[in-house]
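The values are calculated or read from the model by the stated rules, or taken from the named source; none is laboratory data. Here the structure is a predicted model, which is why all the values come from computation and not from measurement. Please note: Cβ atoms are built from the backbone with ideal geometry, for glycine as well, and neighbour counts cover all protein chains shown. When the accessible area is computed, the model is the full protein with side chains, heavy atoms only, and any ligands, DNA or RNA have been set aside. Shrake-Rupley method; radii C 1.70, N 1.55, O 1.52, S 1.80 Å.
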Amino acid sequence: MNIVITGSSRGLGLALTHELLNRKGHVIIGISRNPGCESKNALSKYLHILTDLSQAENITKAVEKIHGFVDSVDVLVNNAGILIHKPFIDTSPEEIHRLFSVNFRSAALLIQKLLPFMKPGSHIMNIGSMGGVQGSVKFPGLAFYSASKAALTVLSEVLAEELKPRGVHVNCLAPGSIQTEMLAEAFPGYQASFSPDELAQFLADFVEKNYRFFNGKTLPLAITTP
Ligand SMILES: NC(=O)c1ccc[n+]([C@@H]2O[C@H](COP(=O)([O-])OP(=O)(O)OC[C@H]3O[C@@H](n4cnc5c(N)ncnc54)[C@H](OP(=O)(O)O)[C@@H]3O)[C@@H](O)[C@H]2O)c1
């Protein structure tokens, strides 16, 4: 499969990239501002695009590079994200813009630009968050982060309908907490329910085959709150 994974330099995206690299026959294209992983001894091939996805023009250039590597894209994993843990009242317009640019707009623009190269049977896996799921337990200081993830969640549900004629599935996987740098920076000392490697195995199975059983779904990946 030709798989594009955003946010592949660390955390969940890096763990998913490693997991897929150890499975056979994939071309994985990672995108992030910092370098991705080494592909030595891997069973699949890894290519990296260094770019800042918060800038719309960078997404256009990244898609051009993707076409230089592969003719079509089977899976797009919109995983890149940022978390700004701050009271609603103190969050600046610039911070709100940054959160929505990375967490929502970059995913939407990548989908727009890659869709012409996604054949029937391909799929989009958006990484949301439990905080962005309607009716879930909410936490102070995460208003804009959670709202950006809620936007991605609803986009996934609507797009699944719109893309049915193309045969492209769209789902949103919504983790609770994962023991990554993002979590440690925002909530120092908090112990998450899952390691990135554990979740990566589940996500890799979803990327390779289990997506076939879901379309337009938001799947909560949490056994605790969050
Ligand atoms: N950790 C959790 O508890 C948790 C819970 C629910 C949902 N999630 C979601 O899961 C996803 C992965 O989170 P994580 O915990 O693995 O976070 P992380 O450790 O902070 O990793 C985030 C990834 O996104 C990339 N990224 C951030 N801004 C970018 C930009 N402007 N352009 C390109 N790439 C960018 C980062 O790469 P560079 O810095 O190199 O650009 C990094 O590879 C995120 O969408 C997050 O919201 C996480």
Subset tally (residues that are more than 15 Å from the chain's Cα centre (by Cα) and either buried (at least 20 other Cβ atoms within 10 Å of the Cβ) or part of a helix (DSSP H, G or I) (or both)) for the stretch 206-221: 4
Condition broken by Arg10, with the remaining ones in (1) within 15 Å of the ligand (Cβ to nearest atom); (2) exposed (fewer than 15 other Cβ atoms within 10 Å of the Cβ); (3) over 13 Å from Leu110 (Cα atoms) satisfied: (2)
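Among the residues of the stretch 49-80, write down those that are surrounded by 19 or more Cβ atoms within 10 Å (Cβ to Cβ) and in contact with a strand residue (DSSP E or B) (Cβ under 7 Å, 6 or more places away or on another chain). Full working, then the answer.
Start the filter on the stretch 49-80 by keeping residues that are surrounded by 19 or more Cβ atoms within 10 Å (Cβ to Cβ), which leaves 49, 53-54, 59, 62-63, 66, 73-80.
Across the stretch 49-80, the qualifying residues are Ile49, Leu53, Ala62, Ile66, Val73, Asp74, Val75, Leu76, Val77, Asn78, Asn79, Ala80.
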Flag for Ile59 being β-branched (Val, Ile, Thr), within 13 Å of the ligand (Cβ to nearest atom), free of Cβ contacts under 8 Å to residues at least 40 places away in the same chain and within 23 Å of Leu203 (Cβ to Cβ): no
The lone exception for Ala174 - which of (1) surrounded by 16 or more Cβ atoms within 10 Å (Cβ to Cβ); (2) part of a helix (DSSP H, G or I) it fails: (2)
Test: residue in the stretch 151-167 that is of a type in the set (Val, Ile, Thr) and open to solvent by 20 Å² or more (accessible area, probe 1.4 Å): yes
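Only one of Ser156, Ser136, Ser148 is of a type in the set (S, T, N, Q) and near the ligand (Cβ under 10 Å from one of its atoms). Can you tell me which?
Ser148
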Residue within the stretch 152-169 that is touching a residue at least 12 places away in the same chain (Cβ under 8 Å), under 16 Å from Gly81 (Cβ atoms) and assigned to a loop (DSSP other than H, G, I, E, B) present: no
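Determine whether Ala107 is touching a strand residue (DSSP E or B) at 6+ places or on another chain (Cβ under 9 Å), within 15 Å of the ligand (Cβ to nearest atom), open to solvent by less than 30 Å² (accessible area, probe 1.4 Å) and closer than 20 Å to Phe144 by Cα.
Values: touching a strand residue (DSSP E or B) at 6+ places or on another chain (Cβ under 9 Å): yes; within 15 Å of the ligand (Cβ to nearest atom): yes; open to solvent by less than 30 Å² (accessible area, probe 1.4 Å): yes; closer than 20 Å to Phe144 by Cα: yes.
In short, yes.
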